[in-house]
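In what follows, a structure is listed as structure tokens, so that the remarks can point back to it.
The values are calculated or read from the model by the stated rules, or taken from the named source; none is laboratory data. As the structure is a computational prediction, the values presented were derived from the model and not from experiment. In this analysis, Cβ positions are derived from the backbone assuming ideal geometry, glycine residues included, and neighbour counts consider all displayed protein chains.
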Amino acid sequence: MKKLGLIGYPLQHSFSKKYFSQKFEKEGIKNWKYLNFEMKNINQFPSILKKNPDLIGLNITIPYKEKILKYTDWQSPEVIKTGAANTLKICQGKIKAYNTDIYGFEQSFKALLKDYHKRALILGTGGASKAIAYVLEMLNIPFKFVSRNPVSNNILSYKQLDKNIITNYQIIINTTPVGTFPDINKKIKIPYDFITKNHLFYDLIYNPDKTAFLKTAEKKGASIINGLKMLHLQAEKAWEIWNNENC
């Protein structure tokens, strides 16, 4: 039996276990199992490894994409650059870290871009936001982070967002958990009145499929996309790593 899993907190509405369990059944993949390992503290990670010596790979979700790195033996160039990982390969006692969020976001995002999508706002500064910033840099799209508690002059606060900023940043990407089920009526507080049909709203949330953030933008004529396609793409890239990457 080959064992995979997901670590994070909370995990009751997680995507990965259902996705891979269905994949195994649909594709007739035998002797593979996918489990959720809900952890309230990253310090529980060594115990999970000890209790599950047959683990060969893990997905990492909120809030551990950055904290997990201290337990890894090798990091991909993307992980080193972003300081965040969402995929681990465990082999011969070593833990290798990858970031397949980068691939998932890039492939689901770049086809949506129009000539008038010049700049981006990244809402949130957690582990997922680092993958988004990495892709925007690759695509030469200038961006700014937005945070409730900005720690530098390069990060905007939500209170700073005004008509001028919203007009000049036509791509708005939510990397926070605000609006996730069951709190589906919550939404990030930005000045939606200045949103137009030239805006592109991307929400990494996939449950619900249309958050209050996306619904409000859609009413203003903006193009919208949720995080489901990104999740499918990053999951398949993780599967490729678990099966094809050398130890």
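Across region 164-216, the qualifying residues are those that are of a type in the set (Ser, Thr, Tyr) and in contact with a Phe, Trp or Tyr (Cβ under 7 Å, 6 or more places away or on another chain), and the one among them that is surrounded by the most Cβ atoms within 10 Å (Cβ to Cβ) is TYR202. Here the helices (runs of 4 or more DSSP H) wholly within region 78-193 that include at least 1 residues being over 30 Å from ILE241 (Cα atoms) and in the same structural domain as ASN207 (by TED's automatic domain parsing) are 163-168.
Taken over region 123-151, the criterion of being crowded, with 18+ Cβ neighbours inside 10 Å, closer than 17 Å to PRO63 by Cβ and within 12 Å of the chain's Cα centre (by Cα) is satisfied by GLY124, THR125, GLY127, ALA128, SER129, LYS130, ALA131, ILE132. No other residue among LYS17, LYS23 is farther than 25 Å from ILE171 by Cβ, among the charged types (D, E, K, R), out of contact with any helix residue (DSSP H, G or I) (no Cβ under 9 Å at 6 or more places or on another chain) and part of a helix (DSSP H, G or I) apart from LYS17.
Of all residues in region 194-235, exactly one satisfies the criterion of being basic (Lys, Arg), out of contact with any helix residue (DSSP H, G or I) (no Cβ under 9 Å at 6 or more places or on another chain) and assigned to a helix (DSSP H, G or I), namely LYS215.
Could you list, in sequence order, all residues of region 47-77 that are assigned to a helix (DSSP H, G or I), over 17 Å from the mean Cα position of the chain (by Cα) and either under 14 Å from GLY8 (Cα atoms) or among the aliphatic types (A, V, I, L, M) (or both)?
ILE48, LEU49
So is ILE62 β-branched (Val, Ile, Thr) and touching a residue at least 12 places away in the same chain (Cβ under 8 Å) or not? Spelling it out, ILE62 is indeed β-branched (Val, Ile, Thr) and touching a residue at least 12 places away in the same chain (Cβ under 8 Å).
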